[in-house]
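The values are calculated or read from the model by the stated rules, or taken from the named source; none is laboratory data. Keep in mind the model is a prediction, meaning the values are calculated, not measured. Cβ placement follows ideal geometry from the backbone for every residue including glycine, while neighbour counts extend to all protein chains displayed.
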Amino acid sequence: MPFTQVNGIDLYYERLGAGRPIVLIPGLGTDSKVFMPLGRDLAAAGSVVLLDPRGAGRSSKPREPYTIEEMAEDVSELIAEIGIGPAAVVGYSLGGRIAICLAATHPEQVDRLVLAATSAREGKSRPLGLRWILIEIGAHLPMGQRAGSQPSYAFVNQRDAARAFDGRSLLGAIRAPTLVIRATRDLIIPRRLSGELLGIPGARASALRVGHFSLLMVRHRELAAEILKFLAEGTR
């Protein structure tokens, strides 16, 4: 199985297809298994690298707290280790924050950036409100994974890393052409927060009439079509 040692941990990844490198970074509480349908869709046009982020799937799950900066460094070292940079980077939800940090701090490794159903920072959630429930309970559902494959402490570490991160100051440093894909029925990422991503120089926006989870779990072909159309512009 493809593991590599990066940034002090064992990181699991898989590769699909051939051609232009595309790195797919999963969201909170999920891993490459959940993102495999999207990965297969994208593999029609490139060599897709799907990874299990720190704390999820088959990658290491340290007990000490995580940071988005640390998780971005994991991905940076993976790109360098397997020799695929520069790559198109697709970040979904939590993975979007990791992608923002990666693109800002390692611009030489990112030639196109796609940010889907994500934001540069966490919004406030009223305890026991709908958004709070979706984040605290809904995002921790296995969603196709083997039940219990992510220990609760690792989920909390990922969640706390997302809450502590505020990437607004990094947006202006991103130089890669960027597509922001918003789910119009997203109850996790409010429109006002996803709209902040248009502070990335030259970023453009796209919207699909779906929810946060259905964008990935049900409508992944539409999501892939938006991504591939954007990536194709960079090959002309």
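If we scan segment 174-188, do we find a residue that is more than 24 Å from ARG221 (Cα to Cα), assigned to a helix (DSSP H, G or I) and of a type outside the set (Phe, Trp, Tyr)? No, there is no match, as no residue in segment 174-188 is more than 24 Å from ARG221 (Cα to Cα), assigned to a helix (DSSP H, G or I) and of a type outside the set (Phe, Trp, Tyr). Checked against the criterion of being surrounded by 14 or more Cβ atoms within 10 Å (Cβ to Cβ), touching a helix residue (DSSP H, G or I) at 6+ places or on another chain (Cβ under 6 Å), at pLDDT 95 or above and among the charged types (D, E, K, R), segment 175-185 has at least one qualifying residue.
When segment 30-76 is limited to residues that are among the acidic types (Asp, Glu) and in contact with a strand residue (DSSP E or B) (Cβ under 6 Å, 6 or more places away or on another chain), the one that is nearest to LEU223 (Cα to Cα) turns out to be ASP52.
Only residues that are in a helix (DSSP H, G or I), in contact with a helix residue (DSSP H, G or I) (Cβ under 9 Å, 6 or more places away or on another chain) and surrounded by 13 or more Cβ atoms within 10 Å (Cβ to Cβ) were counted in segment 199-236, giving 12. Here is the figure for segment 33-45: residues that are modelled with pLDDT under 95 and small (Gly, Ala, Ser) total 2. Of the residues making up segment 77-98, those that are part of a helix (DSSP H, G or I) and farther than 26 Å from LEU215 by Cβ are GLU77, ALA80, GLU81, ILE82. Close Cβ contacts (under 7 Å, 6 or more residues apart or on different chains) running from residues in segment 108-132 that are farther than 21 Å from LYS229 by Cα and modelled with pLDDT of 95 or more to residues that are of a type in the set (Phe, Trp, Tyr) and in a loop (DSSP other than H, G, I, E, B) comprise ARG121/PHE165. The conditions of being crowded, with 24+ Cβ neighbours inside 10 Å and either closer than 12 Å to LEU78 by Cα or in contact with a Pro (Cβ under 6 Å, 6 or more places away or on another chain) (or both) are not met by PHE3. Being hydroxyl-bearing (Ser, Thr, Tyr) and either touching a residue at least 40 places away in the same chain (Cβ under 8 Å) or surrounded by fewer than 13 Cβ atoms within 10 Å (Cβ to Cβ) (or both) is a property that holds for SER194.
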